[in-house]
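The values are calculated or read from the model by the stated rules, or taken from the named source; none is laboratory data. What you see is a predicted model; the values in this text were computed from it and never measured. Backbone-built Cβ (ideal geometry, glycine too); neighbour counts: all protein chains shown.
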Amino acid sequence: MKIALVHDWLTGMRGGEKCLEILCELYPNADLFTLLYNKDRLSKAIEGMKIKTSLIQNLPGASKHYRYYLPFFPAAVERFNLKGYDLVLSTSHCVAKGILPMPESLHICYCFTPMRYIWDMQFDYFKTPDKGWTGGCRGFLISLLTNYLRLWDAASSARVDSFIAISHYVRQRIKRYYGRESEVVYPPVNCDFFHPSANAAREGDYYLMVTAMAPYKRVDLAIEAFNRLGKPLLIVGDGPERKDLKERAKKNIEFPGWKDDEEVRDYYRGCKAFIFPGKEDFGITPLEAQACGKPVIAFGEGGALETVLPFPQEGATGIFFDSQTADSLIEAVQLFERNRERFDPQAMRRNALSFDRTIFRGKIFSLVEEKYRAFQSSPRARG
């Protein structure tokens, strides 16, 4: 069986790449297609694949500023030649699902989410500080672009034979925007690597975020809340909003920058609680924090509802706040401070283990094999 893996872009090890990593381990002889590949930023399993890139790879400044080429992504992904492949597995949050498979091949998409920046979050992604998102000609051009991409995104969903969603929240989004059903397989958490410290005395007095600094992550909300609380907050990560966010933050908020996994694990182990103020499709970082025995203070919508067991129930692993306001987040932090001793690190760890990468590996492999066996007996496969 000849297999093609298709991933949007390869620029670093985030949640999507941790899913792809396991697919590369399961199918090491597959060819890996991607719009863009920045070498030496991925795991060994991914770096060891035969990687084929698109025309985006050679455009000026693409290694850092590839997002500016978004209008060209649909055409770029459609230029991949998938002739001769029996199975196509796309892992997609942008355009990977829009590849053009041959009629005799099966296309399964592990969907991280329908494109957020053209559907329900375009106002967050494209806004400017002074004019919002609709400022003058820029806003008009953005409207034209997002309208084109919505049409393409919905139409290209028909090229997928079977969708697998990363959460029930994403399953609902797939149904809403594509009119398609999907099955749910939760993304993997490396619980062998992320585990509590043997030295509990190392715990610090800070709260923690590990995040890309993009608008929908709502780092701004955390900064506003902790500016008022005056409590230490560390925000690990990088992104286009980092400079602006640092300027807003008071001295109790620090920005260590991007860190490798071992350093991130140390930050998890040392924090009082993990702050998660965005509305996410799933969210692996709250589970990594729980794997290290730490509770989560999260906005109570989206994927967090599937990964955090809320206080005050037995075995709670976190606290939800119900509106994306600084006041609501402050109330949640204060509630946690009053009840901190009621959170059991072992309960956090048990919850995270139910999302372990071994579980993902078994479920995704079994589901793909099941769908491919069914496809082999179909008239289309027989030609």
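Brief remarks on what is shown
- Test: GLU369 is at pLDDT 95 or above and of a type in the set (Asp, Glu): yes
- Qualifying residue in the range 210-223 (condition: in a helix (DSSP H, G or I), aromatic (Phe, Trp, Tyr) and in contact (Cβ under 8 Å) with a residue 40 or more places away in the chain): yes
- Only residues that are part of a loop (DSSP other than H, G, I, E, B) and without any contact (Cβ under 8 Å) to a residue 24 or more places away in the chain were counted across the range 53-64, and they come to 3.
- Restricting the range 186-212 to residues that are surrounded by fewer than 17 Cβ atoms within 10 Å (Cβ to Cβ) and of a type in the set (S, T, N, Q) leaves a set whose member that is nearest to GLY237 (Cα to Cα) is SER197.
- Count - residues of the range 77-125 that are crowded, with 17+ Cβ neighbours inside 10 Å, in a helix (DSSP H, G or I) and at pLDDT below 95: 3
- Residue, farthest from ALA62 (Cα to Cα), within the range 7-25, restricted to residues that are acidic (Asp, Glu) and part of a helix (DSSP H, G or I): GLU25
- You will find that of ASP8, ASP31, ASP86, the residue that is within 25 Å of TYR148 (Cβ to Cβ) and touching a Leu at 6+ places or on another chain (Cβ under 9 Å) is ASP8 and no other.
- Residue within the range 227-249 that is touching a helix residue (DSSP H, G or I) at 6+ places or on another chain (Cβ under 8 Å), free of Cβ contacts under 8 Å to residues at least 60 places away in the same chain, in a helix (DSSP H, G or I) and of a type in the set (D, E, K, R) present: yes
- All told, PRO240 falls short of being buried (at least 18 other Cβ atoms within 10 Å of the Cβ), farther than 26 Å from ALA352 by Cα and at pLDDT below 95.
- Residue within the range 31-52 that is in contact with a Cys (Cβ under 9 Å, 6 or more places away or on another chain) and assigned to a strand (DSSP E or B) present: yes
- The combined condition, being buried (at least 21 other Cβ atoms within 10 Å of the Cβ), of a type in the set (S, T, N, Q), touching a residue at least 12 places away in the same chain (Cβ under 8 Å) and touching a strand residue (DSSP E or B) at 6+ places or on another chain (Cβ under 6 Å), is not fulfilled by SER162.
- Residue match in the range 255-278 (condition: over 21 Å from ARG14 (Cβ atoms), charged (D, E, K, R) and at pLDDT 95 or above): yes
- In the range 168-185, the qualifying residues are those that are within 20 Å of PHE276 (Cβ to Cβ) and in contact with a Leu (Cβ under 9 Å, 6 or more places away or on another chain), and the one that is surrounded by the fewest Cβ atoms within 10 Å (Cβ to Cβ) is HIS168.
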